[in-house]
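Asks: This is the structure, below, for whatever I ask next.
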Amino acid sequence: MSEVIEIAERSAEYLAYWETLNCRFPEADAVFDECIREAKALLSPEGVDTYIENARFIGKMGRGVEPLLIYLEEAPTVASIVGEPILDDIKDFCLFLSTNTNFKAMIPFLQSLAAVTRSLHSYEQLHHYIDILKNMLDKTTASVHGHHKTFPSPGLPLLLEQAPRLLRALSLEGFKNWVDYGVKYYNNHPERQKDYFCLQSPDAVAVMQRERHGTLMIDHERQLDLYLRGLWQDHDYLVPYSSAFDELRKPMPYYDKLGIRLPDVYDDKDGVSGIDRYRATLAHMAAHRRWSNQMIVDNWSPFQRVAVETFEDSRVEYLAIKEFPGLRKLFLSLHPIPNEDDLEIEGESMVRLRLALLSRAILDPDFEVKHDDIRESVKRFFIEMEKDGVSSSDNMASLALSFTARTRRQTDLSPKIYFENTEVDYRDDNRHLWIYIEQGDDEETQFEHLEEQRQDDEVNALPPRHYHEWDYNSQHYRPDWVSVYEAIHPAGNVNVIDNILDKHSALAKRLKAILDALKPQQKVRIRYQEEGSELDLDVAIRSLIDLKSGSQPDMRINMSHKNDGRDIAVMLVLDLSQSLNEKAKGSSQTILELSQEAVTLLAWTIEQLGDKFAIGGFNSNTRHDVRYSHIKGFSEHFDNEVKSRLAAMEAKYSTRMGAAMRHAAHYLEAQKADKKLMLVLTDGEPADIDVEDDQLLIHDTHQAVKELAAQGIYSYCINLDPKADEYVQDIFGKQYTVIDNVDKLPEKLPKIFMALTK
Amino acid sequence: MSNEAQYTIKEEPFYQAQGDEIELYEAAYAARLPVMVKGPTGCGKSRFIEYMAWKLGKPLITVACNEDMTASDLVGRYLLDANGTRWLDGPLTVAARIGAICYLDEIVEARQDTTVVIHPLTDHRRTLPLDKKGELLDAHEDFQLVISYNPGYQSLMKDLKQSTKQRFTGFEFDYPSEAVETAIVEKETGIDHELASKLVKIGAAARNLKGHGLDEGISTRLLTYAATLIKGGIEPKAACRMALVRPITDDADIRVTLDHAIETIFA
Ligand SMILES: Nc1ncnc2c1ncn2[C@@H]1O[C@H](COP(=O)(O)OP(=O)(O)OP(=O)(O)O)[C@@H](O)[C@H]1O
Ligand SMILES: [Mg+2]
């Protein structure tokens, strides 16, 4: 019944459109008038015609009412942004989808279209976007099951849902690269493809980071750390948070016990480079850390709190600028310029605007404020600051409380809050300022409590470090592909190691003889020196005879001694994978036991030589879990602690060698030495359970060897696998030894080392 | 004696005391105790010794040590001449003969077998055996031995032997406080107070990075170089980059950070 009434109410014009649409869905009927109204406001009359024509088409595709409804609602906006020709592209793509096994993707496609359009802005871009989708769908649809395109693309609907997010952060080109990456690596794994395209998997996020525009925190972490240390004598963990996903509530920088949180990326803004924006943010927080005190806030209203914050922010910046005058310019470029005239606007809460005016006026000597109370407060602020130089958080609080009292307005309580040009986005959220006395049902304190608990969990395990991995098929690195977890190796019984040393005391004696020949401080005599430490009598007499007999004497009658110095840093990387538990051929001992003996003797040897030396062990259980255990650090001696770790050596899981070498290399790289050597002791080829292609990790490890060489690190493999010849050369070139008789390892390892470093 | 005159300091060197080091040194000298001055490069160690030599009116013989230096470089050696060989005293021997203060700069750079030749001079014997010449030299009563030593910069390998260390009284120097350092830069170069204090701030920023990619911070010496350049008309920021940043680092991140420090301090 009601249908009839509504139709009856339609104007002739609307009725004509309705008839063109020729549609029986009551849901469409219900929204139709509203949609036409919007379309007429946004589109040309021809545009409205096309809009209706295409809607009719979509309504008749036989895929239900939903595509039609979304089209009716979204299409006018999209066409108004990028032009009306897009309406046909939308229709065509919907047609394409509807005749295809991927017809379900039509809904997310249409749903996300308006948001996508807002990021892309132009017809060409949107057109490209659709091409990218087609391409993706082509590849991911066909490849699931051979020849028949029977299965829809697993990733496409998810991709469409994420598209607005992705495009807010990425250029279209970056988007394309991101999509291509997912297609390339997850074509054969529907589940992983889904994880990737809904931005769940770590590499999805990592690749996205790589494709982002702007200045990435991770790329500048060291510079920021140095900034904080150098200029502020401060340091802390710098932890990035994602700024791409939260649009409603933009997360703010902050710091707490776990570190300083910064956005993962800053675009250049108002002529300020990304790195300078980071510096401004850090400077502001460093200033708080230097000069702010905590305050008890239980008795303050929310308005009073924001006022206290503003005064305190201004105070620490005032002090920071005194220290580093260049900061004023930086802060000024980033601080919004609030519009005082808007104070007149009725019915909105102006608390934020008044405070922004105050803050700007303090920062900017050229900024004029008419508002008397604000002017007065600015004046008081400067009087306070010029008194003894630093003032205090508490003094700011009293200025702030009197400011709130004086400027209070009825409208402050209005639910509609004026926000324009009041957000100072380089300032942190000031959570460090507050102390709550009343524990209890306060949400924030409960939250704090939770935070603390999480912190405890995190302290026990270091966060993983991510390393890339080389894919030889595509000649391409997979970024942040492998997660390496480092931990101190558990301790065992020191006696085990001391017994090994006893057992091999004869060997140790023999080694000692070679050692003495290698030891630094070995002097070499250099003869024929014009200046030297001693007269070389033979030469001197010869010269004297020459002189007396009237011929030209050789003046180089001295000799000197030179130290044959060693400046070597050695990193020993131990394969601790499952296969070491096997008995060595022709021996009653396992490979692990023999390795343990060999490493013990090597450690003893190197300790004698005094070279810089570290030991790490590794194994892996897929790329998500490569474990690296710290057995001996460069700064540690071969003492009981280290011995007890060696004693507890254990073998399990697989051998993802490249990642372990890259990880070990970052320690070796930090060492100062003329020569850097990485010894890899392994019983087999690199492998892991999540890699089917056994060449992949061989190539990756070879790539790691090349990377290390570029860092000045010489890698050398000691391989216990009798079949090693098949692959070890591909990885290490000529830099390897295969030990066939594993029994002899304890003797051989130190000798190999000494030969290498002679 | 002409030798002595050659080593005498005629004009008063400018030295800004950081504490009571002048009095302490005078006491050490009065007892002829050997002195070790420790501290980072360019913090005023050499200047201090120079000043003390002037104040005490004693000649000063300075030897810059290096790893190629041998005992003969200190003690002396035979040279060839028309009549055969001729002995030539090394600087340490000269100092012991004429009663000078002998300053061995950066002693750790010298090899340990070189360092031991100073041992007999540093205990009650106060003698210097010239083995090759067959002479046992008794040190002049004014003679004093001073060594300098920069603990921050050497590797473990190069540390001084305990038996050497324990023969000296020690003066520990560091970069002066901001106020003192500003005064030094001002007086040494004649630039104004404000400029000097900005230079000192940049120095402080670099010193905070020690151990994070910098082996040594910016020394007082470099600060005076920068000030001298500015005094000579070079634009301050350019002078700072040239005198303070470029010499101390090749590390891009550190350079960027220090360049930024210059920008933000000289705004
Ligand atoms: N206390 C001071 N008084 C006057 N000048 C100083 C003082 N400290 C440093 N300087 C200035 O710094 C410069 C470097 O000082 P000096 O040569 O004494 O350093 P140093 O500690 O001996 O360094 P190095 O270890 O490199 O030999 C001096 O030339 C002088 O300009
Ligand atoms: Mg010196």
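Asks: Among the residues of segment A:546-581, write down those that are in contact (Cβ under 8 Å) with a residue 40 or more places away in the chain and charged (D, E, K, R).
Replies: A:ASP564, A:ARG566, A:ASP567, A:ASP575
Asks: Could I ask something else about it? Of the residues B:GLU23, B:GLU12, which is over 22 Å from B:LEU128 (Cβ atoms), touching a Lys or Arg at 6+ places or on another chain (Cβ under 9 Å), away from ligand 2 (no atom under 16 Å from the Cβ) and modelled with pLDDT of 90 or more?
Replies: Sole residue among the options that is over 22 Å from B:LEU128 (Cβ atoms), touching a Lys or Arg at 6+ places or on another chain (Cβ under 9 Å), away from ligand 2 (no atom under 16 Å from the Cβ) and modelled with pLDDT of 90 or more: B:GLU12.
Asks: Consider only pairs whose beta carbons are under 8 Å apart and that are at least six residues apart or on different chains; among these, list those whose first residue lies in segment A:212-226 and is more than 9 Å from chain B (Cβ to nearest Cβ) and touching a residue at least 12 places away in the same chain (Cβ under 8 Å) and whose second residue is among the polar types (S, T, N, Q) and not in a strand (DSSP E or B).
Replies: A:HIS213/A:SER171; A:THR215/A:SER273; A:LEU216/A:GLN209; A:ILE218/A:GLN209
Asks: Which condition from (1) at pLDDT below 90; (2) away from chain A (no Cβ under 14 Å); (3) more than 13 Å from ligand 1 (Cβ to nearest atom); (4) closer than 21 Å to A:HIS561 by Cα is the one that B:ILE118 breaks?
Replies: (1)
Asks: Now, a different point. One residue is enough: does segment B:178-189 have a residue meeting the conditions among the hydroxyl-bearing types (Ser, Thr, Tyr) and in contact (Cβ under 8 Å) with a residue 40 or more places away in the chain?
Replies: yes
Asks: For residues that are over 30 Å from the mean Cα position of the chain (by Cα) and among the hydrophobic types (A, V, I, L, M, F, W, C), scanning just segment A:331-343, find the one that is farthest from the other protein chains (Cβ to nearest Cβ).
Replies: A:LEU343
Listed here are the residues, each with its yes/no results for (1) of a type outside the set (A, V, I, L, M); (2) buried (at least 17 other Cβ atoms within 10 Å of the Cβ); (3) modelled with pLDDT of 95 or more.
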position: A:LEU602; (1), (2), (3): no, yes, no
position: A:THR605; (1), (2), (3): yes, yes, no
position: A:LEU609; (1), (2), (3): no, yes, no
position: A:ARG623; (1), (2), (3): yes, yes, no
position: A:SER629; (1), (2), (3): yes, yes, no
position: A:SER644; (1), (2), (3): yes, yes, no
position: A:GLY658; (1), (2), (3): yes, yes, yes
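Asks: Something else now. Taking only segment A:107-126 into account, find how many residues are of a type in the set (A, V, I, L, M, F, W, C) and at pLDDT below 85.
Replies: Result for segment A:107-126: 1.
Asks: Moving on to the next point. Inspect segment A:383-392 for any residue being surrounded by 15 or more Cβ atoms within 10 Å (Cβ to Cβ) and over 30 Å from B:ILE202 (Cα atoms) and give the result as yes or no.
Replies: Looking for residues that are surrounded by 15 or more Cβ atoms within 10 Å (Cβ to Cβ) and over 30 Å from B:ILE202 (Cα atoms), one finds none in segment A:383-392, hence no.
Asks: Just give me the residues in segment B:230-258 being part of a helix (DSSP H, G or I) and more than 14 Å from chain A (Cβ to nearest Cβ), in sequence order.
Replies: Residues satisfying the conditions are B:ILE230, B:LYS231, B:ALA238, B:ALA239, B:ARG241, B:MET242, B:ALA243.
Asks: Could you tell me whether segment A:219-229 includes any residue that is basic (Lys, Arg), within 30 Å of B:GLY203 (Cα to Cα) and touching a His at 6+ places or on another chain (Cβ under 9 Å)?
Replies: yes
Asks: Oh, and also: Scan segment A:424-475 for residues that are among the β-branched types (Val, Ile, Thr) and either under 29 Å from A:ALA280 (Cβ atoms) or modelled with pLDDT of 50 or more (or both) and jot them down.
Replies: Once the filter is applied, which keeps residues that are among the β-branched types (Val, Ile, Thr) and either under 29 Å from A:ALA280 (Cβ atoms) or modelled with pLDDT of 50 or more (or both), segment A:424-475 yields A:VAL424, A:ILE435, A:ILE437.
Asks: Before we move on, is B:GLY57 over 13 Å from B:TYR103 (Cα atoms), more than 16 Å from ligand 2 (Cβ to nearest atom) and small (Gly, Ala, Ser)?
Replies: Criteria met by B:GLY57.
Asks: Further, regarding this structure: Scan segment B:162-175 and tell me whether some residue there is part of a strand (DSSP E or B), in contact (Cβ under 8 Å) with a residue 60 or more places away in the chain and buried (at least 20 other Cβ atoms within 10 Å of the Cβ).
Replies: Checking segment B:162-175: at least one residue is part of a strand (DSSP E or B), in contact (Cβ under 8 Å) with a residue 60 or more places away in the chain and buried (at least 20 other Cβ atoms within 10 Å of the Cβ).
Asks: Let me ask something else about it. Can you name the condition, by its number, that B:LEU56 falls short on among (1) hydrophobic (A, V, I, L, M, F, W, C); (2) within 16 Å of ligand 1 (Cβ to nearest atom); (3) at pLDDT 85 or above?
Replies: (2)
Asks: List every residue pair whose Cβ atoms sit under 6 Å apart, with the two residues 6 or more apart in sequence or on different chains, where the first one lies in segment A:309-330 and is at the interface with chain B (Cβ under 9 Å from one of its Cβ atoms) and the second, anywhere, is surrounded by fewer than 19 Cβ atoms within 10 Å (Cβ to Cβ) and in a helix (DSSP H, G or I).
Replies: A:GLY326/B:GLU263
Asks: Additional query: Which of the residues belonging to segment B:58-114 are of a type in the set (Gly, Ala, Ser) and either crowded, with 16+ Cβ neighbours inside 10 Å or within 14 Å of chain A (Cβ to nearest Cβ) (or both)?
Replies: Within segment B:58-114, B:ALA71, B:SER72, B:GLY76, B:ALA82, B:GLY84, B:GLY90, B:ALA95, B:ALA96, B:GLY99, B:ALA100, B:ALA110 meet the criteria.
Asks: Additional query: Tell me which of these B:VAL63 doesn't satisfy, since it passes every other one: (1) free of Cβ contacts under 8 Å to residues at least 60 places away in the same chain; (2) of a type in the set (A, V, I, L, M, F, W, C); (3) away from ligand 2 (no atom under 16 Å from the Cβ).
Replies: Result: B:VAL63 passes all but (3).
Asks: Take B:LEU209 and tell me if it is within 11 Å of chain A (Cβ to nearest Cβ) and crowded, with 23+ Cβ neighbours inside 10 Å.
Replies: yes
Every residue, every condition in (1) buried (at least 21 other Cβ atoms within 10 Å of the Cβ); (2) touching a Phe, Trp or Tyr at 6+ places or on another chain (Cβ under 6 Å), yes or no:
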| site | (1), (2) |
| --- | --- |
| A:VAL207 | yes, yes |
| A:TRP232 | no, no |
| A:PRO253 | no, no |
| A:ALA283 | yes, no |
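Asks: Take B:ALA227 and decide whether it is part of a helix (DSSP H, G or I) and away from every other protein chain (no Cβ under 11 Å).
Replies: When the stated conditions are applied, B:ALA227 passes them.
Asks: What residue, among those in segment A:516-554 that are modelled with pLDDT of 80 or more and outside any helix (DSSP H, G or I), is farthest from the other protein chains (Cβ to nearest Cβ)?
Replies: Only one residue fits best here, namely A:ASP536.
Asks: Could you pull out the residue among A:GLU191, A:GLU221 that is in contact with a strand residue (DSSP E or B) (Cβ under 7 Å, 6 or more places away or on another chain) and either part of a helix (DSSP H, G or I) or of a type outside the set (Ser, Thr, Tyr) (or both)?
Replies: None of the other options fit; the residue is A:GLU221.
Asks: Do we find a residue being touching a residue at least 40 places away in the same chain (Cβ under 8 Å) and over 26 Å from A:TRP481 (Cα atoms) anywhere in segment A:679-690?
Replies: no
The values are calculated or read from the model by the stated rules, or taken from the named source; none is laboratory data. Note that the structure is predicted; figures quoted are calculated from it, not measured. As a convention, Cβ positions derive from the backbone with ideal geometry for all residues, glycine included, and neighbour counts pool all protein chains shown.
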